[in-house]
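**Student:** Encoded as C-alpha cells, here's the structure I'll be asking about.
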Amino acid sequence: MAVFRSGLLVLTTPLASLAPRLSPILTSAARLVNHTLYVHLQPGMSLEGPAQPQSGPVQATFEVLDFITHLYAGADIHRHLDVRILLTNIRTKSTFLLPLPTSVQNLAHPPEVVLTDFQTLDGSQYNPVKEQLVRYATSCYSCCPRLASVLLYPDYGIGEVPVEPLDVPLPSTIRPASPVARSPKQPVRGYYRGAVGGTFDHLHNAHKVLLSIACILAQEQLVVGVADKDLLKSKLLPELLQPYAERVEHLSEFLVDIKPSLTFDIIPLLDPYGPAGSDPSLEFLVVSEETYRGGMAVNRFRLENNLEELALYQIQLLKDVKHTENEEDKVSSSSFRQRMLGNLLRPPYERPELPTCLYVIGLTGISGSGKSSIAQRLKGLGAFVIDSDHLGHRAYAPGGPAYQPVVEAFGTDILHKDGIINRKVLGSRVFGNKKQLKILTDIMWPIIAKLAREEMDRAVTEGKRVCVIDAAVLLEAGWQNLVHEVWTVVIPETEAVRRIVERDGLSEAAAHSRLQSQMSGQQLVEQSHVVLSTLWEPRITQRQVEKAWALLQKRIPKTHQALD
C-alpha cells in the first residue's frame with residue numbers, strides 16, 4: 001500500500017451520521033498518510049453525475065463546532081498525523097450568505113492523495129467518483145500534479161455500506177458565555193475581532209481545537225497571544241519548550257492553512273491579561289476549561305477599566321487516552337515534553353579520533369540534578385562510567401599530575417598539615433574570582449581530560465562498548481570533543497536548591513549562589529543530544545533511563561558493537 005506524505009480528506013456525510021464512523025475513517029487515512037492530513041467538510045455533497053461538484057458554504061452551528069472538537073480528539077490516537085481541518089467554507093451567521101472564494105487555496109503541504117468517505121459500491125478499476133474527487137480537490141486547493149484518489153468506504157468490506165445511524169446530536173464541547181440553552185443546529189454568531197492565548201508549544205490537537213473555534217468566530221482579525229518569558233517559568237520541563245520564534249512559525253503556518261481570509265496578529269503574551277485586558281476593539285475570547293477563570297478575570301479587569309466584557313467561549317479539554325502514570329490525562333504539551341525525555345534530539349557527533357569500538361556519552365547537569373544517580377543506573381545497564389570528580393581527586397593527590405602545578409600557582413597555604421591539598425580552602429580562593437578560577441581550570445581541565453582518555457582505553461580493554469563520562473563541567477571544559485553525545489539531566493531550580501540544602505547542609509542563599517556560578521539547565525540542553533530528568537519517583541527515572549539506553553543501542557554504529 002502506498003504511503004503519502006500529505007493528503008486531503010473530503011468528508012461528505014452529514015455530521016451527526018459521520019461522528020460514529022470517524023475512528024475507522026481516520027484509521028484508514030492514517031494508513032495512507034504519514035505527515036499532514038487536511039480535512040475538508042462538505043456534508044451532503046455528491047460526487048456522482050457529469051457536472052463537477054462545487055464547494056458550498058457550511059453554516060457554522062454548535063454541531064459543527066462540536067464535530068471539529070470530536071474529530072481532533074479522535075485524531076489524537078494517530079500521533080504521526082498533523083491533522084488540519086480547513087475552515088474556508090464554514091461561515092458564521094453574519095457571513096453565511098457571502099460568496100466563497102473562487103481562487104484555489106494554497107496549502108503549506110500540497111496533498112499527494114485525496115480521500116473521501118463518499119458512499120459507493122462501485123469497486124471497479126475505473127471509478128468516475130474517484131475522477132470527480134480529484135477534480136473537486138484540485139478546484140479548491142493546490143495539490144500535487146499527479147494526485148491519487150482513494151475511497152475509504154470499501155475498507156468496511158465488499159458490498160457493505162454502513163447503515164445510517166439515527167440523527168443523534170454530538171456531545172456538547174463548546175460552552176458560550178450565555179447560560180441560555182443552545183441546540184446543536186443553533187447558528188454561531190460571528191465577530192469582527194477576537195482573541196485566544198496559550199503557550200502553543202509543540203502544536204497539538206487540543207491547541208488546534210482552541211484555534212479553530214477562534215478562527216470560525218472571527219470574521220476579520222484574530223489576535224493570538226503566545227506565552228513567553230515570565231509566563232513560562234512555571235511550565236514543566238521548560239528547557240524543552242520550543243523557542244518563541246519556532247512556536248510562532250508553526251502557529252502561523254497552521255492558522256494561514258485553515259483560514260487564510262483572516263488577518264492574524266500574533267504577539268508575545270507577557271502577563272496574564274495580555275491584549276484581551278486592554279484592547280477595546282476585541283469582542284470575544286476563546287478559553288479552555290483550565291483557563292476559564294482567567295477569562296473571567298480578564299473581564300473583571302476590563303470592567304474596572306471601563307471596557308466592555310468579552311464574550312467567552314469555553315472549550316472542553318481533550319482527554320489523552322495514551323497518557324502514562326506520570327502524565328496528565330488531557331492532551332497537553334507537558335506530556336509531549338515528558339515523552340521527549342530519553343529521545344535523541346539532534347544527530348550525534350562524528351568522533352573518528354576516539355576508539356572505534358567505544359561509544360562515549362558525556363553526562364552533565366546542574367548541581368542537585370541527580371546526574372550521579374543516572375550514571376549509576378547506566379552502569380547497571382552495562383556502561384563503563386568515568387567519574388570526573390574522582391579523576392580530579394586523583395589529580396590533586398600528592399604525586400598526582402595536578403598537585404605540583406596547583407601548589408605552585410596558589411601557594412602552600414592551601415595544604416593540610418599532611419601535605420594534602422585542602423579543596424575547601426582552594427575552592428574559597430577561586431569562588432567568585434574569575435581570574436583565579438581560570439588559573440585553576442587551565443591547570444585541571446586538560447589533566448582530567450587526559451585521565452579520562454586513559455580510562456576510555458581501560459573500558460576498551462574490559463570489552464565495554466558504551467562509556468559514560470559523568471562531569472558537571474563537561475561543556476564549560478570543552479570536553480564535548482571527547483564524546484559522541486551529550487546527555488543532560490534537568491530539574492527545576494527550586495528542586496535543585498532543596499536537594500543541595502538537604503545533601504550538603506548549605507543555606508538556600510549559598511545553594512542559589514552555587515547554581516548561578518554554573519551553566520543553566522537551559523544552556524546545557526541547547527547543546528545536548530538527550531535530556532533526562534529525576535523529577536519523579538525512582539521507578540519513573542529507571543524507565544526513562546532504560547528507554548534512553550534501548551534507543552542508544554539501536555543507533556550505535558556496528559563498529560561499536562563488534563565486541564558484543
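**Student:** Extent of the stretch 432-536 along each principal axis, from alpha carbon coordinates, in Å, largest to smallest?
**Tutor:** Principal axes ranked by extent give 45, 38, 27 Å for the Cα atoms.
**Student:** Which whole-percent values make up P(r) of the chain when all C-alpha to C-alpha distances are grouped in 20 Å steps starting at zero?
**Tutor:** Calculated over all Cα pairs of the chain, the distribution is 18, 40, 28, 12, 2, 0 percent.
**Student:** Could you order the peptides 513-525, 422-434 from most to least packed, using the average number of other C-beta atoms within 10 Å per residue?
**Tutor:** In decreasing order of mean packing, 513-525, 422-434 become 513-525, 422-434.
**Student:** Can I ask one more? Provide, as a two-decimal number, the C-alpha radius of gyration of the stretch 341-555 over 2.2 N^0.38 Å, N being how many residues it has.
**Tutor:** 1.05
**Student:** Continuing with the same structure: When ligands, DNA and RNA are left out and all protein chains stay put, how many square angstrom of accessible area per residue does the stretch 189-315 have with a 1.4 Å probe?
**Tutor:** Accessible area per residue, the stretch 189-315: 43 Å².
**Student:** Quick one: which residues, 5+ away or cross-chain, put their amide H under 5 Å from the amide H of residue 359? H built at 1.01 Å from N.
**Tutor:** Amide H neighbours of residue 359: 466, 467.
**Student:** Once the Cα atoms of helix 244-258 and of the chain are each reduced to a long axis, what angle between those two axes, in degrees from 0 to 90 to the nearest 10, is obtained?
**Tutor:** 10 degrees
**Student:** Treating only the Cβ atoms of Lys and Arg (+1) and Asp and Glu (-1) as charged, compute the dipole magnitude of the stretch 189-315 about its Cα centre; round to the nearest 20 debye.
**Tutor:** 240 debye
**Student:** Here's something else I'd like to know. Using a 10 Å cut-off on Cβ atoms, rank the peptides 363-370, 113-120 from the highest mean neighbour count down.
**Tutor:** Result, highest mean Cβ count within 10 Å first: 363-370, 113-120.
**Student:** While we're on this one: Quick one: accessible area per residue over the stretch 4-151, 1.4 Å probe, rounded to a whole number of Å²?
**Tutor:** Counting only protein heavy atoms, the per-residue value for the stretch 4-151 is 39 Å².
**Student:** Something else now. Roughly what angle does helix 292-304 make with the longest principal axis of the chain, taking Cα atoms, 0 to 90 degrees, to the nearest 10?
**Tutor:** The angle comes out near 80 degrees.
**Student:** While we're looking at this one, here's another question. Give me the lysines in straight-line cross-link reach of residue 450: C-alpha distance below 27 Å, same-chain residues under 8 apart excluded.
**Tutor:** Leaving aside lysines fewer than 8 places away in the same chain, those within reach of residue 450 are 371, 379, 424, 434, 435, 438, 464, 558.
**Student:** How large is the accessible surface per residue of the stretch 341-555, computed with a 1.4 Å probe and reported in Å² as a whole number?
**Tutor:** Result: 48 Å² of accessible area for each residue.
**Student:** Using alpha carbons only, how many angstrom separate the centre of the stretch 322-371 from the centre of the stretch 13-86?
**Tutor:** If you average the Cα positions of each part, the centres end up 36 Å apart.
**Student:** First compute the accessible area of the stretch 181-225 with a 1.4 Å probe, then give the percent of it belonging to carbon and sulfur atoms.
**Tutor:** Carbon with sulfur: 53 percent of the solvent-accessible area.
**Student:** Quick one: compute the contact order of the stretch 189-315, relative version, from alpha carbon pairs under 8 angstrom and 6+ residues apart, as a percent.
**Tutor:** With pairs under 8 Å counted, the relative contact order is 30 percent.
**Student:** For n ≥ 4 DSSP H runs only, could you compute -39500 (n - 2.57) per run for the chain, divide by its residues and tell me the 222 nm figure to the nearest 500?
**Tutor:** For the chain, the value works out to -11000 deg cm²/dmol.
**Student:** Report the relative contact order of the chain, percent, no decimals, based on alpha-carbon pairs under 8 angstrom and at least 6 residues apart.
**Tutor:** The value is 13 percent.
**Student:** For the stretch 348-445, give the percent of accessible area contributed by carbon and sulfur heavy atoms, probe 1.4 Å, rounded to a whole number.
**Tutor:** Answer for the stretch 348-445: carbon and sulfur cover 55 percent of the accessible area.
**Student:** Please report the carbon-and-sulfur percent of the accessible area for the stretch 4-151; probe 1.4 Å, protein heavy atoms only, DNA, RNA and ligands left out.
**Tutor:** For the stretch 4-151, the apolar C and S fraction of the accessible surface comes to 56 percent.
**Student:** I would also like to ask the following. Mind checking the angle between helix 22-32 and the chain's longest principal axis? C-alpha axes, 0 to 90 degrees, to the nearest 10.
**Tutor:** Approximately 60 degrees, to the nearest 10.
**Student:** With +1 assigned to the C-beta of every Lys and Arg and -1 to the C-beta of every Asp and Glu, and no other charges, what is the dipole magnitude of the chain about the Cα centre in debye, to the nearest 20?
**Tutor:** Charge dipole, the chain, about its Cα centre: 780 debye, nearest 20.
**Student:** Spelling out what I want: for every residue of the stretch 132-137, take phi, set θ = phi - 60°, compute 6.51 cos²θ - 1.76 cosθ + 1.60 (Karplus), and round to whole Hz; glycine and proline get x.
**Tutor:** 4, 4, 5, 4, 5, 4
**Student:** How high is the relative contact order of the stretch 290-364, in percent, counting Cα pairs under 8 Å that sit 6 or more residues apart?
**Tutor:** The value is 14 percent.
**Student:** Under a 5 Å amide H to amide H cut-off, with H placed in plane at 1.01 Å, what residues pair with residue 311 once short-range neighbours are removed?
**Tutor:** Correct list: 284, 285.
**Student:** What does the charge add up to near residue 394, with Lys and Arg as +1, Asp and Glu as -1, over the other residues with Cβ less than 12 Å from its Cβ?
**Tutor:** It works out to a net charge of -3.
**Student:** Still on this structure, please answer the following. What share of all Cα pairs of the stretch 189-315, in percent, falls into each consecutive 5 Å distance bin?
**Tutor:** Answer for the stretch 189-315: a P(r) of 2, 11, 22, 25, 22, 12, 5, 1, 0 percent.
The values are calculated or read from the model by the stated rules, or taken from the named source; none is laboratory data. The structure presented is a predicted model; accordingly, all values stated were derived computationally and were not measured. We place every Cβ from the backbone using ideal geometry, glycine too, and count neighbours over all the protein chains shown. Protein only, heavy atoms only, side chains kept; ligands, DNA and RNA dropped before computing areas. Shrake-Rupley method; radii C 1.70, N 1.55, O 1.52, S 1.80 Å.
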